[in-house]
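Single-structure report; data block below.
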Amino acid sequence: MNRLMTPFSNMSKTAVWTISSSLAVAAVATIVLFLFDPTRSAFYPVCQFHKLTGWHCPGCGSLRALHHLTHGELVAAFNCNPLLMVSLPVLAWLAGRRLIRRRSKPAPFPSSVKLAAVWVVVAVIVLFGILRNLPYPAFAWMSP
């Protein structure tokens, strides 16, 4: 048992509690997304950007995509929000790498995230948001 806890052995109680509570919240959110379809349940939030402008924001379709993902429907999830589906494996890899490297001392923000990478991510999100709203058939696959 002690060998299994090795990544957490040097972490503070606060860090372990934060990680544990985050995992618990993610588990509850996953169960809710599995049980309640966002297209049929009124308690999910409505995209205010879409409500005000009629355009799809880069996050539009994410709840539906996650709902499909919890049911193992990868193609349907990709059709709801392709950017989210491409981003999830990358985010999981980055989170796992950070957790393993971090151990007991939190790394300062600038050393772990390069400013250029942040700008690339922002540019991809903005470009995706623009392209998914263009009325051309070539970009229709990006709309939820």
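What follows draws every value from the coordinates through simple rules; no lab data is involved. These numbers were taken from a predicted model, which means no experiment stands behind them. Please note: Cβ atoms are built from the backbone with ideal geometry, for glycine as well, and neighbour counts cover all protein chains shown.
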Check: What ranking do Tyr44, Tyr136 get, fewest neighbouring Cβ atoms within 10 angstrom at the top?
Finding: Tyr136, Tyr44
Notebook entry, point to check: Most exposed first by the Cβ proxy, i.e. fewest other Cβ within 10 Å, how do Phe43, Phe128, Phe49 rank?
Noted result: Phe43, Phe49, Phe128
Notebook entry, point to check: Taking a ≥ b ≥ c as the square roots of the eigenvalues of the Cα gyration tensor of the range 17-142, is the shape rounded (a/c under 1.5), prolate (a/b larger than b/c) or oblate?
Noted result: oblate
